[in-house]
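The values are calculated or read from the model by the stated rules, or taken from the named source; none is laboratory data. Note that the structure is predicted; figures quoted are calculated from it, not measured. In this analysis, Cβ positions are derived from the backbone assuming ideal geometry, glycine residues included, and neighbour counts consider all displayed protein chains. Surface areas here come from the heavy atoms of the whole protein model, side chains and all, with no ligands, DNA or RNA. Shrake-Rupley method; radii C 1.70, N 1.55, O 1.52, S 1.80 Å.
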Amino acid sequence: TESRANTSSISDLKISDNMIEVNGAQTAGVEVVVSNGYLANLDISGNKVSTDGGFLSHGVRVLASEMGSIGATIINDNVIITSGLLSEGIYLSSLDGASIEQATVNNNIVLTTGDVGSDSRNQYNLESDGIYVNALRNGSFGKLQITGNEVTTYGNDADGIYLIAGVNAVVSQALVSKNTVSTLASSPIQNNQAAEGIKVLSYADSLIMIALYNNLILQSEGTGIQLKTQSSIRPNDGGSIFADVQGNTVINANSSGQIDASPYGASNPNNVGTITLVGESPKDVLLSNSPADQAAYSVTGPILFEPTVNARSVKGKSIRKVK
């Protein structure tokens, strides 16, 4: 009931066309861990995976850790259904100096159900995201592509696609395009527990370079596309996001609207991260997405604008600050 592969030196690993059912907590349908080693190619394709009811019961989990490295990862054409708290459909992560040089997550069907109720303390702790990608603590991703997936989540704080860069982490080149995302949260008790369609978060001293193109986001709670940076109590250590946001359509966003860009300091309000959007002004960003409604765009803190896609401008002097 569980396919698990742990490797320190394998050139190629392919896990395909399996039907896997998992019952129980802290498990996964398919799990691959590369620690202190190198895996050249990983292909997880064409599998049908379901997990039932367990805490941390992921559909597909891939982890590079402790200086481990994966050359190329393919997670394509899988059908994944998860049920349980903190049970992501696809979980892809690099941490502690590890790297994933190239990854594609394409054409998967993902459903995360979770428990939409609350516990005895009236707290929601679900976060069963559909596709969860995390470069954590000095981890890195090179080229990342998330394209053509159909993602549905039920549960508060269960984001459709969630990309994180932790402290000192880097996501060098990410493309999130042509995905259909539905986040069907149920009356979150706090606004910050709403489920976002696509969420991008950069922590202290980290960097995410991302293009968000032609995604369709359908939802009942949360923001369509949310970009956030965060810093610590140290001065000038805020995270950075450089984003090109074009051709996305958001329907029924009931929280902060279609696009929410928010650099902020968790412990020091004077120490915020940096978000740079491609375009001359907020109006350009709105006109590049649908519906082009000023009320659909919210900003907290300063946002930088760059007329063209120029990675070197993230911390350069050619960008203009707009409040």
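Each row is one residue, and each column tells you yes or no for (1) aliphatic (A, V, I, L, M); (2) surrounded by 22 or more Cβ atoms within 10 Å (Cβ to Cβ); (3) at pLDDT 85 or above; (4) more than 21 Å from N134 (Cα to Cα).
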| site | (1), (2), (3), (4) |
| --- | --- |
| A195 | yes, yes, no, no |
| D205 | no, no, yes, no |
| S232 | no, no, no, no |
| Q246 | no, no, yes, yes |
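Scan the range 21-31 for residues that are under 14 Å from S83 (Cβ atoms) and β-branched (V, I, T) and report the count.
2
Give, as residue ranges, the strands (runs of 3 or more DSSP E) completely inside the range 18-78 that count at least 3 residues that are within 27 Å of E101 (Cβ to Cβ) and open to solvent by less than 10 Å² (accessible area, probe 1.4 Å).
Filter on the range 18-78 gives 27-45, 57-65, 69-76.
Can you tell me which residue in the range 261-289 is modelled with the highest pLDDT, limited to those that are more than 19 Å from the chain's Cα centre (by Cα) and part of a strand (DSSP E or B)?
V278
Mind listing just one residue for me: the one in the range 1-17 that is modelled with pLDDT of 80 or more and open to solvent by less than 90 Å² (accessible area, probe 1.4 Å) and, of those, farthest from I100 (Cα to Cα)?
S16
Within the group V250, V299, which residue is at pLDDT 75 or above and either open to solvent by less than 30 Å² (accessible area, probe 1.4 Å) or under 17 Å from G222 (Cα atoms) (or both)?
V250
Considering only residues of the range 142-157 that are assigned to a loop (DSSP other than H, G, I, E, B) and at pLDDT 95 or above, which is least open to solvent (accessible area, probe 1.4 Å)?
If we take residues in the range 142-157 being assigned to a loop (DSSP other than H, G, I, E, B) and at pLDDT 95 or above, then N149 is least open to solvent (accessible area, probe 1.4 Å).
Only one of (1) at pLDDT 95 or above; (2) open to solvent by 60 Å² or more (accessible area, probe 1.4 Å); (3) not charged (D, E, K, R) is not met by A103, so which one is it?
(2)
Look through the range 125-141, keep the residues that are over 21 Å from S231 (Cβ atoms) and in a loop (DSSP other than H, G, I, E, B), and return whichever of them is modelled with the highest pLDDT.
G130
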